[in-house]
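Trainee: Could you have a look at this structure, given as structure tokens, before my questions?
The values are calculated or read from the model by the stated rules, or taken from the named source; none is laboratory data. None of the values given here were measured: they were computed from a predicted structure. Every residue, glycine among them, receives a Cβ derived from its backbone with ideal geometry; neighbour counts consider all protein chains shown. Quick note on the areas: whole protein, heavy atoms, side chains included, nothing else; ligands and nucleic acids left out. Shrake-Rupley method; radii C 1.70, N 1.55, O 1.52, S 1.80 Å.
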Amino acid sequence: MVLSPDGGTMYLAENNKIRIINRSTAEVNALIGNSVDNYQEARTGTNARFSDVSSIDINSAGDTLYVTDRNNHRIRGITISTQTDFLITGAGNNNDDGQTANGYQEGAKCLNTFTTGVSGCAYFDNPSGLVISPDDQYLYVADTANNRIRRVTIATGATSLIAGSGT
């Protein structure tokens, strides 16, 4: 979960969905996602699909959420006002294709790429944590199954290794 910059709203990731909690009224509403896990890009509301959102953060303007879509091996964004998701970076296997390992490769986002080893694509393997930089330019991601910490340039989806050898 994460608080909005003004502290009035809490965003909670649970069961492949993101919920909005108004802290003054305790009202809980759906933002995006569905209990049925899968992967689809650029979907809105309950039509959006994730597979194990394991980490969430928010930009300083409070208008965009960033999530690790763990079992889909991708880093994704959510525009709060339109309840729409979008790909930040990542490619390869997704949770519904029966594959488990996704591999490691530095690169950038590759829309609609569901195979591994494509040149120029960034590959994550079960990313489990992320945090946004204070200037809202980068995400730092724990690429768990690859045993690495990586930096993602939000504007381009380009990745770079920060730490870790893969073992």
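Trainee: Step by step: first the residues of the range 1-27, then only those that are among the aliphatic types (A, V, I, L, M) and in a loop (DSSP other than H, G, I, E, B), then the one that is surrounded by the fewest Cβ atoms within 10 Å (Cβ to Cβ). Which residue is that? Step through it out loud before you land on a result.
Mentor: Applying the first criterion (among the aliphatic types (A, V, I, L, M)) to the range 1-27 yields 1-3, 10, 12-13, 18, 20-21, 26.
Checking the rest, the ones that are also in a loop (DSSP other than H, G, I, E, B) come to 1, 26.
Working: 1: 12, 26: 8.
Filtering first and then ranking leaves 26.
Trainee: Failed condition for residue 86, given (1) touching a residue at least 40 places away in the same chain (Cβ under 8 Å); (2) open to solvent by less than 20 Å² (accessible area, probe 1.4 Å); (3) within 28 Å of residue 30 (Cβ to Cβ), with all others met?
Mentor: (2) is the only condition that residue 86 fails.
Trainee: If you check residue 105 against the conditions, is it within 23 Å of residue 32 (Cα to Cα), touching a strand residue (DSSP E or B) at 6+ places or on another chain (Cβ under 8 Å), of a type outside the set (Val, Ile, Thr) and open to solvent by 10 Å² or more (accessible area, probe 1.4 Å)? Even if it seems obvious, please write down each step before you answer.
Mentor: Details: within 23 Å of residue 32 (Cα to Cα): no; touching a strand residue (DSSP E or B) at 6+ places or on another chain (Cβ under 8 Å): yes; of a type outside the set (Val, Ile, Thr): yes; open to solvent by 10 Å² or more (accessible area, probe 1.4 Å): yes.
Answer is no for this residue.
Trainee: Cβ-Cβ distance below 8 Å, separation of 6 or more or different chains: which pairs start in the range 134-158 with a residue that is free of Cβ contacts under 8 Å to residues at least 40 places away in the same chain and end on one that is among the basic types (Lys, Arg) and open to solvent by less than 60 Å² (accessible area, probe 1.4 Å)?
Mentor: Final answer for the pair search is 140/150; 143/150.
Trainee: Further, regarding this structure: Counting only residues that are in a loop (DSSP other than H, G, I, E, B) and under 17 Å from residue 89 (Cβ atoms), how many does the range 28-76 have?
Mentor: The first filter runs over the range 28-76 and keeps only residues in a loop (DSSP other than H, G, I, E, B), leaving 34-39, 41-43, 48, 50-52, 59-63, 73.
Those still in the list that are under 17 Å from residue 89 (Cβ atoms) too: 39, 41-42, 50-51, 59, 73.
The number of residues fulfilling the criteria is 7.
Trainee: For the range 116-130, how many residues are in contact (Cβ under 8 Å) with a residue 24 or more places away in the chain and either loosely packed, with under 13 Cβ neighbours inside 10 Å or basic (Lys, Arg) (or both)?
Mentor: Filtering the range 116-130 for residues in contact (Cβ under 8 Å) with a residue 24 or more places away in the chain gives 116, 118, 121-130.
Cutting the leftovers down to either loosely packed, with under 13 Cβ neighbours inside 10 Å or basic (Lys, Arg) (or both) gives us none.
Residues that pass the stated criteria total 0.
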